[in-house]
Amino acid sequence: MSWMGLTIVEEGLVAADLQQVRLLNVSDAAPLWSFPTDPQKARVGTFYVTPAVDEQRVVVASQVPPTGFLGQPKNVVWALDRKTGNELWQFDDAAGQYVEGGALGGGLFVIGNSDHNVYALDAETGALRWTFKTGYRVWATPLIVSDTVYIGSMDHHLYALRLSDGGVRWDFQAGGAFAATPALRNGTLYIGAFDDKLYAIDAQAGTERWRFASANWFWGSPLVYADTVYAVDVSGNVYAVNAETGAPVWPQPRPLETPVRAGPVLTEDGSRLFVGGQNGTLYALDTKDAFVVWSSESEGQVLSPPVVSGSVVYESRIPGTYRIRALYVDNGRPIWSYPPVAEQPSK
Amino acid sequence: MFDILAYPLANLMLLLYNYLGHSTVLAIAVLTLLINLITLPLTLSQQRSAHRMQELQPELEKLQKKYAKDKERLAQEQMKLYKEVGINPMGGCLPLLIQMPIWFGLIGAIRYCIPSTPLELFQFSNHIYKWLPGVIGLVPLRSTFLGMDLGAPPNPAQWWSYALPILVFVTTWAQQKLLTPPTAAKTQSQAGAMNQQMQIMMPLLFMFFTLSYATGLSVYFVLSSAIRVGQFYLMREGQHRQKAEDKEQVRPKPSE
């Protein structure tokens, strides 16, 4: 099991909130649908990882606890109808746990697993189309761009695979594990690794363009806006780097003084950067000078990336009284918290 | 709670992994050996105490028969006997208690270096001593050994991985068997029955523990028990040899 995940769609916020997968109304967190409807009765396990969404479906993963004396936990990928939340298909062939979510593209759902494999499933039926075996666990969400899947593995390689059959176009070796999703801009992939480096890699050839040294691992995915790459290392140092040259944009990285697992997110105009910390604080930084504009603390740890939509930022946390909170991007004022008090377990 | 020991031990394991050809099993083996060497005075004291208790069993059984109906007197006579031969019946417990945090720390270290969950890995990410040579980029350690993932619990897809928890049972049982006075187990006393139960319960407990945790821990348990069994044999042989030499010196020479 890892952490819960959020995805924003037109009709609401899709949350894999450990107990259930829910589509929440963004204005008041009212559930529009829930899967399963009764988590106490349905034996579907714990839902986590960021939901992948396309026009028809929401795809998430869960771990079903073992039954019997020598039972093994079952690791399941679930595809749900985006409109109703009804189950479309499930896939439970993988031997290991899913740590991060998958990606939808080209009629396939692609996801990495701790059993060292990358699985490509038919998005319509859930049938297995191909697998690709890496040298170690795959704890990263892939990036699908036209006919290529980019996915990092704990075996220190970033692979570019053909979407049609999983064949290797190229692979790039770093000095540490990859657990992030690359960001793509103008033919260059940006991704950090567990060797304390942020890499810029030619997306066509798989060759290194530049590398930027940091203080610790990059686990969260970087993002690119205009000419700047933003990334956070696990020690909580936030970096802004020139996308062309790899030179630092800010004179110093911004230390948040809390471990950070997930990558940053930006407002649509690129003016504000949000980072969640293990200390349960969500930080809002001004992208011009890395100044912390506001921070909002609550119970639990923020381990998955927040999502931004318009003037609202949504963050998820484990464990905590509230698993999801919606806050105004301008001042961090809370709008709503989920679950509502009535649904919280009595203490 | 044991992280204060687990983090330095995990970093030591990274260093060993770096210098031992990037072999996780070798790193676990050498680390287990080093920890056993450091705790050797404590384990020897515990094992000596157990061995002396074994030697004392015939005397204790005589007392049990003699005072079968008078428990209070039996306890007094037993304490007297312990005092006469200079044994503290609780003497084996203290070294064990001192060692426990070290062993829990070592278990934590293995779990941090070959984590089975991302949360364990994330927790360790800010406790790696970057100044140690060659440790950057090592974690999580490559953990495939004989086709098994040492970072994952035994599973049917790698059916042979169940051999490790079975080995854990066998080696822990052997260790328990050696450290428990054999005659005590045969007696009908409450302590004897408890000893007998412990001989089976402890190995079973360890086996079930390793069934649900990373197989890397099984490697550590097997090696650790094997080392202690070896230590016990060496210590017992040494004591027997010493006794034989003492007898030889005491026996009058023919010329005298």
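Quick note: the coordinates plus some simple rules give every number you see, no bench work behind them. Note that this is a predicted model, so its numbers are computed, not measured. When we count neighbours, we look across all protein chains shown, and the Cβ atoms used for this are built from the backbone with ideal geometry, even at glycine.
Structure data summary
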read-out: Angle between chain B longest axis and helix B:40-55 axis [Cα atoms, degrees, rounded to 10]; value: 30
read-out: Theoretical FRET efficiency, 1/(1+(r/R0)^6), r = Cβ-Cβ of A:Gln173 and A:Thr37, R0 51 Å, to 0.05; value: 0.65
read-out: Positive-end extreme of charge dipole, the protein assembly as shown - chosen from A:Ala16, B:Gln99, B:Thr43 (charges on Cβ); value: B:Thr43
read-out: Size of charge dipole - chain A - debye, nearest 20, with Cβ of Lys, Arg +1 and Asp, Glu -1, no other charges; value: 500
read-out: The protein assembly as shown - charge dipole about Cα centre, Lys and Arg +1 at Cβ, Asp and Glu -1, debye rounded to 20; value: 2780
read-out: Cα lying deepest toward the dipole's positive end in the protein assembly as shown, options B:Gln242, A:Gln72, B:Thr171, charges on Cβ; value: B:Gln242
read-out: Cα centre as origin, Lys/Arg/Asp/Glu Cβ charges: the stretch B:3-250 dipole, Debye; value: 480
read-out: Over chain A, relative contact order from alpha-carbon pairs under 8 Å, at least 6 apart, %; value: 8
read-out: Cα-based helix-to-principal-axis angle, B:3-19 vs chain B, degrees rounded to 10; value: 70
read-out: Shape of the protein assembly as shown, Cα gyration tensor, a/c cut at 1.5; value: prolate
read-out: Nearest-ten-degree value, helix B:57-66 long axis tilted from longest Cα axis of chain B; value: 50
read-out: Options B:Pro115, B:His22, B:Gln197, ranked by Cα towards positive dipole end of the stretch B:3-250, top entry (Cβ charges); value: B:Gln197
read-out: Cβ-based net charge around A:Lys197, under 12 Å, with every Lys or Arg adding one and every Asp or Glu removing one; value: -3
read-out: Longest site-free stretch - chain B; sites: trypsin sites (Lys or Arg not before Pro), DSSP loop, at most 14 other Cβ within 10 Å; value: B:131-256
read-out: Over chain A: Kirkwood hydrodynamic radius from C-alpha pairwise inverse distances, Å; value: 20.3
read-out: The stretch B:3-250 - Debye-derived log10 I(q)/I(0), Cα point model, q = 0.07, 0.17 Å⁻¹; value: -0.32, -1.24
read-out: Relative contact order, percent, chain B [alpha-carbon distance under 8 Å, six or more residues apart]; value: 27
read-out: Ranked A:Asp54, A:Asp269, criterion: other C-beta atoms within 10 Å, fewest first; value: A:Asp269, A:Asp54
read-out: Net charge contributed by nearby residues that have their C-beta within less than 15 Å of A:Ala231 (K/R +1, D/E -1); value: +1
read-out: Loop-resident sites, the stretch A:26-80, for trypsin sites (Lys or Arg not before Pro), counting at most 13 other Cβ within 10 Å (DSSP); value: A:Lys41, A:Arg43
read-out: Separation of alpha-carbon centers, the stretch B:197-248 and the stretch A:202-228, rounded to whole Å; value: 51
read-out: Paramagnetic label zone (point 7 Å from Cα along Cα-to-C-beta, A:Ala213; backbone N under 19 Å) in the stretch B:121-159; value: B:128-139
